[in-house]
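Everything below concerns the one structure shown next.
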There are 2 protein chains.
Amino acid sequence: MSISLTVLYNPPADAAAFDKHYDEVHAPLAAKLPNLESFTIVRPGPGPDGSAPQYHLIATLTFDSAEAMQASMGGPEGKAATDDLANFAQAGVTILTGEVQQVV
Amino acid sequence: MSISLTVLYNPPADAAAFDKHYDEVHAPLAAKLPNLESFTIVRPGPGPDGSAPQYHLIATLTFDSAEAMQASMGGPEGKAATDDLANFAQAGVTILTGEVQQVV
């Protein structure tokens, strides 16, 4: 069963600077993580009532086991990606990990 | 490009009752949504420091276009799934939608 690591980014003070750093620096760093099964990004739009989304970006990384995720995140590529958060994610992140249950 | 609908459930007062309702009633209702491309569930574990996760459950539904999602959520199955939130998600939900960008 796959394990996912979901990173929810709070809305940044400067969205354009965040997006540039994410696309040019952070996503390439994260894409180098060993054992990565998949890595997707969503930039949520406004709600049906036009309200700003609660998170600016959702990144979802999957690995084929908890051990594979831990080895990846604990290695040099994991440290590089985690250390990079300080360069653009000052508004804060929420990180959630767990088994992925496929319903459909 | 796929569109995802992510539902983040706040920690419920009674996790066992939430989980039972989710698995036996809500997930089957959501699985009936027309145009559904995929539907996955993650129940996040505690953080590396043992702290409780910020969300009890993450549901991710994908559709092949924004129009397909809107038609699905606006139809009777979408209404049934949305109406059912009142039966178990009293602690609150955050719903986010956006295009899915596949990096890896």
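Rundown of residues vs (1) open to solvent by less than 30 Å² (accessible area, probe 1.4 Å); (2) within 18 Å of residue A:86 (Cα to Cα); (3) more than 11 Å from chain B (Cβ to nearest Cβ), yes/no style:
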site: A:12; (1), (2), (3): yes, yes, yes
site: A:34; (1), (2), (3): no, no, yes
site: A:39; (1), (2), (3): yes, no, no
site: A:48; (1), (2), (3): no, no, no
site: A:55; (1), (2), (3): yes, yes, no
site: A:62; (1), (2), (3): yes, no, no
site: A:67; (1), (2), (3): no, no, yes
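Consider residue B:21 carefully, then state whether it is within 29 Å of residue B:102 (Cβ to Cβ), touching a residue at least 60 places away in the same chain (Cβ under 8 Å) and in a helix (DSSP H, G or I).
no
Of the numbered criteria (1) farther than 26 Å from residue B:27 by Cβ; (2) part of a helix (DSSP H, G or I), the one residue A:51 fails is (2). Checked against (1) touching a strand residue (DSSP E or B) at 6+ places or on another chain (Cβ under 6 Å); (2) open to solvent by 20 Å² or more (accessible area, probe 1.4 Å), residue B:28 meets all criteria but (1).
For the range B:69-104, a residue qualifies if it is within 14 Å of chain A (Cβ to nearest Cβ), open to solvent by less than 60 Å² (accessible area, probe 1.4 Å) and among the small types (Gly, Ala, Ser), and the qualifying residues are B:72, B:78, B:81, B:92, B:98. Among the residues making up the range B:9-27, a single one is of a type in the set (Gly, Ala, Ser) and either under 13 Å from the mean Cα position of the chain (by Cα) or on the phi > 0 side of the Ramachandran plot (or both): B:27. Just one residue in the set B:2, B:38, B:51 is within 18 Å of residue B:99 (Cβ to Cβ), without any contact (Cβ under 8 Å) to a residue 60 or more places away in the chain and of a type in the set (Ser, Thr, Tyr); that residue is B:38.
The values are calculated or read from the model by the stated rules, or taken from the named source; none is laboratory data. Remember, it's a predicted structure, so these values are computed and weren't measured experimentally. No Cβ is skipped: glycine too gets one built from the backbone with ideal geometry, and neighbour counts run over all protein chains shown. Side chains are part of the model used for accessible areas, which takes the heavy atoms of the whole protein and leaves out ligands, DNA and RNA. Shrake-Rupley method; radii C 1.70, N 1.55, O 1.52, S 1.80 Å.
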